[in-house]
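Working notes for the structure below.
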Amino acid sequence: MPALATRAIIPERYGRGNVRALVVSNMLPDALHPERGRFVRDQVAALKQLEGLEVELFEFPPGARGLARASLQLAGRFRVPRGRRRRAEAPIDVVHAHFGLTAWPALAVPARVRALTVHGSDLSHPRTRLATRAALPSIDVLAAVSEQLLNALPGRSWRERALVLPCGVDLGRFGSEARASARAELGLDPAGPYLLFPADPARSEKRHDRALSLARAAGVELLTLGGVPPARVALWINAANCVLVPSEREGFGLSVLEALACDVPVLATPVGIHVQVLEGIGGTLCAPFETSRWQAALAAHLQAADPRVDGRARAEQFSALKMAERVAGAWRAALDHGG
C-alpha cells in the first residue's frame, strides 16, 4: 500500500516537554445530529493519551451565530493582561482549528503556534473557500486530511507547505461482531440481506441517490445513518452485508475505514483516500459509480450469510492514535522552529 503522504511525514523523535494545546471545532453535536464532529473528538481523545500533551477541546455549533459567539467566548477566556507579550507569553502553546471558518474565532486565542486542518467543505463551497484562504497567512501549521484535498488548497505556496494530518478511526469503537447479534440489537430481520449508506441522506455530496438506485436494482433494503449516536454506528456496519460509499467527493473517507475496521465489505468511489486504503483488499471495490459494475461486485456479499473482508489490518494503519501522533509531531516541530 502506498504511504499516506510523503509531505506529511514528521520525525518520530521530536522535542519533549509538556505542550499545552487547544483544539477548536465548529462541529458541536446536538440532539438531531449526535454524530457531528465525532472524528475531531476522537482525535482529541487520542491526543490526550500521548505523553507530554495537555489538550482541551472547545466546540461550538455551526453557523454565523456560532462563529460570532465563539469569538467572544474565546477572547474573554484567553485575554492576555496588559504588559505581557501576546505570543511569547501565551498561556497556550498551540491552538488547532478544524475547518477553515473555525480559524477565525481561534485567532482570539493567544498562542505560540496556530494550526488549521481543512476537511473538504471549507474548500468546496465558494464563500467558505474565500474565508479559509483569507485566514491562511495567520497559520503556522497548515494541514489537509488527504493528499487529494491538499492539492485543492488555494495557492501553490500553501500546497507546498501543507501536511496531511487525518483524524483516523477509533479502533476501540469499531470492530467486528457477529452479524446476527448486531441485527438482533437493531431489530432487523436476521435473514437480511441489508446494505448500508453510512451518512445522512440529506448530504447531497454523499450521493444517497446512487446508493438507493443500486439497492433497488439488487432488490435489497438500504439502511442509512444520520442522527445515529456514534456508539451505535458499528452495530449498523456489522448488521450490513456491504457498506456503500458512492460519494461525489470526500475530504478523507472515514466511513470506508470504519467498515474495514469491522471487516465488512465496502464499495466506494475513487475519492478522498478510498483508492489508497482499498488497494489489494479482496471483496472490496473502488471504482466510479456504475450500477451494473457495482451490482456485480455486490452479488457474492448478498448471497453470503456473514460476508467479511480482511480489512482490520489496513484500518489499523489509520488509527486515531497513530494519526494523533502525527499531529503531535507537527505541533512540536513547529514549536521547535521558533513558534
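Being under 30 Å from Phe99 (Cβ atoms) and outside the structural domain of His33 (by TED's automatic domain parsing) holds for only one residue in Pro229, Pro307, and it is Pro229. Which ones in the range 86-138 are among the hydroxyl-bearing types (Ser, Thr, Tyr) and surrounded by fewer than 20 Cβ atoms within 10 Å (Cβ to Cβ)? Across the range 86-138, the qualifying residues are Ser121, Ser124, Thr128, Ser138.
Candidates are the residues of the range 275-299 that are in contact with a Ser or Thr (Cβ under 8 Å, 6 or more places away or on another chain) and within 26 Å of Leu149 (Cα to Cα); the one that is surrounded by the fewest Cβ atoms within 10 Å (Cβ to Cβ) is Pro288. Taking the conditions (1) out of contact with any helix residue (DSSP H, G or I) (no Cβ under 7 Å at 6 or more places or on another chain); (2) touching a residue at least 24 places away in the same chain (Cβ under 8 Å); (3) not charged (D, E, K, R) in turn, Pro246 satisfies each one other than (1). For Gly283, the requirement of being assigned to a loop (DSSP other than H, G, I, E, B) and either under 27 Å from Val164 (Cα atoms) or among the aromatic types (Phe, Trp, Tyr) (or both) is not met. The set of residues from the range 283-339 being more than 26 Å from the chain's Cα centre (by Cα) and among the β-branched types (Val, Ile, Thr) comprises just one member, Thr291. Residues in the range 139-156 that are out of contact with any Leu (no Cβ under 8 Å at 6 or more places or on another chain), in a loop (DSSP other than H, G, I, E, B) and crowded, with 21+ Cβ neighbours inside 10 Å: Ser146 alone. Within the range 179-193, not a single residue is at pLDDT 95 or above, touching a Lys or Arg at 6+ places or on another chain (Cβ under 6 Å) and acidic (Asp, Glu).
The set of residues in the range 125-157 that are among the small types (Gly, Ala, Ser) and closer than 21 Å to Arg38 by Cα comprises Ala143, Ala144, Ser146. Just one of (1) crowded, with 17+ Cβ neighbours inside 10 Å; (2) of a type outside the set (D, E, K, R); (3) closer than 30 Å to Asn18 by Cα fails for His337. It is (1).
For the range 9-26, the criterion of being at pLDDT 90 or above and under 20 Å from Gly253 (Cα atoms) is met by at least one residue.
In the range 214-251, the residue that is surrounded by the most Cβ atoms within 10 Å (Cβ to Cβ) out of those that are more than 20 Å from Ala287 (Cβ to Cβ) and among the polar types (S, T, N, Q) is Asn238.
Of the residues making up the range 313-322, one or more are part of a helix (DSSP H, G or I), modelled with pLDDT of 95 or more and over 22 Å from Leu196 (Cβ atoms).
The values are calculated or read from the model by the stated rules, or taken from the named source; none is laboratory data. All of these numbers come straight from a predicted model, not from anything done at the bench. Using ideal geometry, Cβ is built from the backbone for each residue, glycine included, and neighbour counts are taken over all protein chains shown.
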